[in-house]
Amino acid sequence: MEAAAKPDLAAYCADVARRAKQAASQLATTAGATKVAWLKKSAALLRASQAELAAANAKDLAAAPGYGLTDAQVDRLCLTAERVEAMATGLEEVASLGEPIGTLIQSTIRPNGLQVNKIRVPLGVIFFIYESRPNVTADAAAICVKSGNAVILRGGKEAVHSSRAIVDLLTQTAEETGLPESAVQLVETTDREAVGEFLALPELIDVAIPRGGEGLIRRVAAEARMPVIKHFAGNCHVYVDTAADLVMAEQIVVNSKCQRMGVCNAAESLLVHADVATEFLPAVATALAEKGVEIRGDERTCELVPAANPASEADYATEFLGPIISARIVGSLEDAIEHINRYGSGHTDAIVTNDLSASQAFAGGVDSSAVMVNASTRFNDGGEFGLGAEIGISTDKFHARGPCGIEELTSYKYVVQGNGQVRS
């Protein structure tokens, strides 16, 4: 797909944003049943259009070598039949969620008789910038529209054919179900300057959400003139405590790291209490080696695991997104917490322990969007948390944190019911 020829990029971006603003006004009062019908029709059409989606995705995969994509990036780009089915299922899961807009969050009656209602409302227009994961196109559209928001999708050039094919299907079903025409729009140009143009439109766009590499996110955070929900790196840890079940710990470490390496909730660092390191590290190293994973560890780790390579300071702060994991032996739970808060990214961190007080101290001390106790880091996911599809996993503390589902894409307003009260 060629970049759209736009004689005036700024005018084009402003026009897209204006149409999104108009659609957002309509979506704010669109019946929940209409949105559910769109989601269900879209899921069915995705399943029925696998051949068309595969043909579009093949063009992107053929172009991938020219973009210098890593194996992990190509994996994220690939739109398999299983991932198309997962997209369709994700849309149906979002459809099954309760209608968020207009729900009563809180209601109080004041001494003067005023009834103060706190009502959930959409954010408005969301500018969503993401890289080469075409399945995210459907996920993002689903949760934005379900939560009453119009969305402007700016996908990576690596997935441009796949994203266009998906949005064409979503637009077709929108027309059939009566959704606003511009509820879901894909930015037609691959010009990088378009992102800057959209980020300079706070009067039309209510929030920007970047999902991709750290460079992209930092650029958006620096340039945006509207609020940004940030999804920074996933430098996730598994800490194996002195009171851990070591068989369980090995399974959790291997799953956290290897179930899918190129994703943000995969483990990138392993911390092991010194009391169990001699027994645990050689065993888990063997299991990781069978999956092709290189360990980069501290001096004691390298003594226990001769195949391990020495870790640099930078390794402990790195999101590898591939077959490398950093490792360190720690002397206490407090040391593990300090290490995580120093090197981690606030995404997902896990403890394996049978000591309730240790798990509580870890959960309270680690400053991350999700803390897992005796479970894989891979579970920090909107679908796994029962939120339906997610638009990302926020490492911010404001306005949303962790998996961002439909409620995280809403705000609220106060509707006050009176009976002639005036303030004295």
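The values are calculated or read from the model by the stated rules, or taken from the named source; none is laboratory data. Bear in mind the structure is a predicted one, so any value in this text is a computation, not a measurement. We place every Cβ from the backbone using ideal geometry, glycine too, and count neighbours over all the protein chains shown.
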- Query: What is the one condition in (1) in contact with a strand residue (DSSP E or B) (Cβ under 8 Å, 6 or more places away or on another chain); (2) without any contact (Cβ under 8 Å) to a residue 40 or more places away in the chain; (3) closer than 24 Å to Pro134 by Cα that Asn265 does not satisfy?
  - Reply: (2)
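For the stretch 199-220, which positions are part of a helix (DSSP H, G or I), surrounded by fewer than 19 Cβ atoms within 10 Å (Cβ to Cβ) and in contact (Cβ under 8 Å) with a residue 12 or more places away in the chain? Lay out the reasoning, then the answer.
First, the residues of the stretch 199-220 that are part of a helix (DSSP H, G or I): 199, 214-220.
Then drop every residue that is not surrounded by fewer than 19 Cβ atoms within 10 Å (Cβ to Cβ), which leaves 214-216, 218-219.
Hits for the stretch 199-220 are Glu214, Leu216, Arg219.
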- Task: For the stretch 105-161, name all the residues that are touching a Lys or Arg at 6+ places or on another chain (Cβ under 8 Å), assigned to a helix (DSSP H, G or I) and of a type in the set (S, T, N, Q).
- Result: Asn135
- From the set of residues in the stretch 174-198 that are of a type in the set (S, T, N, Q) and part of a loop (DSSP other than H, G, I, E, B), which is surrounded by the fewest Cβ atoms within 10 Å (Cβ to Cβ)? Thr190
- Taking the residues in the stretch 377-393 that are crowded, with 23+ Cβ neighbours inside 10 Å and not aliphatic (A, V, I, L, M) as candidates, determine which candidate is farthest from the chain's Cα centre (by Cα). Thr377
- Item | Residues of the stretch 348-373 satisfying the condition of being surrounded by fewer than 16 Cβ atoms within 10 Å (Cβ to Cβ) and of a type in the set (S, T, N, Q) | Asn354, Ser357, Gln360
- Message: Looking only at residues that are in contact (Cβ under 8 Å) with a residue 60 or more places away in the chain and of a type in the set (Gly, Ala, Ser) in the stretch 98-140, which one is farthest from Gln185 (Cα to Cα)?
- Response: Gly113
- Message: If Val220 meets every condition in (1) of a type outside the set (Phe, Trp, Tyr); (2) within 22 Å of the chain's Cα centre (by Cα); (3) modelled with pLDDT of 95 or more apart from one, which number is that one?
- Response: (3)
- Query: Which of (1) modelled with pLDDT under 95; (2) under 19 Å from the mean Cα position of the chain (by Cα) does Glu181 not meet, given it meets every other one?
  - Reply: (2)
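The rows are residues; the columns are (1) more than 30 Å from Leu201 (Cβ to Cβ); (2) among the charged types (D, E, K, R); (3) in a loop (DSSP other than H, G, I, E, B).
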residue	(1), (2), (3)
Ala14	no, no, no
Ala24	no, no, no
Lys35	no, yes, no
Leu45	yes, no, no
- Message: Being out of contact with any Lys or Arg (no Cβ under 7 Å at 6 or more places or on another chain) and in a helix (DSSP H, G or I) narrows it down to one residue among Gly346, Gly364, Gly322; which is it?
- Response: Gly364
